[in-house]
Amino acid sequence: MSQSTQQPLALVTGVGPGVGTSLVRRFAEGGYRVAMIARDANRLAEIGAEVPGAFAMPCDVTDAQALDQVLEEIGAPKVVVHNAVGGSFAPFQETDPAVLQKNFEINTMALLQLAQKIAPAMIEAGEGAIIVTGNTSALRGKPNFTGFAPTKAAQRILAESLARDLGPKGIHVAYLVIDAVIDVPWTRKVHSDAPDDFFIQPKSIAAEVFHLAHQPRDAWSFLAEVRPYRETW
């Protein structure tokens, strides 16, 4: 994939209609070319047509071979945002082990593959950032989250291992806990009576990810949290 020598490159996985699209827009506004990874090629093409510098790389992050090929084409991003997420919600008696395994592949295994493939060029350059979007399931297990929370907890621990390894080499790894209901159409339907400030806006999450990716070296965060002011915690 040819790329401009004038603009740094960012890679965003899980480019859906909410946070993923906002991430693409924020990094494009910040002067980046943005490689977009998601399964829906048509949606990526639409975003690419609207956002200058964004280009589609359709891929299922659980397909290790396909992901490897896409990463080869993309080249060496300065920033990677692992936003792809697999979730499921059911009592543990009703949780299909195959669903837990699939979510683990999306949330955790794909992060490992991204880091293994992309970190060497960052180490050589002496700079870079890997940011992971997470949630409170990474910190606690609750009823009906048995197919999801274990994979996010593993994702957070993996990210911490990466941060401790890569930090001294100049690469900033951070994990953003999103303690909120994200404002997208399906959550609006579920919480139809909720006021606007009950939700967190995708663009607000994107702004915090961008901030984390550009923190000065003397003040790096690993574990960061965002939540609406009304959120009970």
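Worth a mention:
- If you go through the range 111-134 and keep only what is acidic (Asp, Glu) and part of a helix (DSSP H, G or I), you end up with just Glu124.
- Unmet requirement for Leu176, which otherwise passes all of (1) in contact with a helix residue (DSSP H, G or I) (Cβ under 9 Å, 6 or more places away or on another chain); (2) more than 15 Å from Val80 (Cβ to Cβ); (3) hydrophobic (A, V, I, L, M, F, W, C): (2)
- Scanning the range 90-101 turns up no residue that is crowded, with 21+ Cβ neighbours inside 10 Å, closer than 28 Å to Arg227 by Cβ and in contact (Cβ under 8 Å) with a residue 12 or more places away in the chain.
For (1) of a type in the set (A, V, I, L, M, F, W, C); (2) surrounded by fewer than 17 Cβ atoms within 10 Å (Cβ to Cβ); (3) not in a loop (DSSP other than H, G, I, E, B), each residue gets a yes or a no:
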site	(1), (2), (3)
Gln69	no, yes, yes
Gly86	no, no, no
Arg140	no, yes, no
Thr151	no, no, yes
Ala159	yes, no, yes
Ala163	yes, no, yes
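Bear in mind that the values in this text are calculations on the coordinates, not laboratory data. Quick caveat, the model's predicted, so the values are computed rather than measured. Cβ sites come from the backbone with ideal geometry, for glycine too, and all protein chains shown count toward neighbours.
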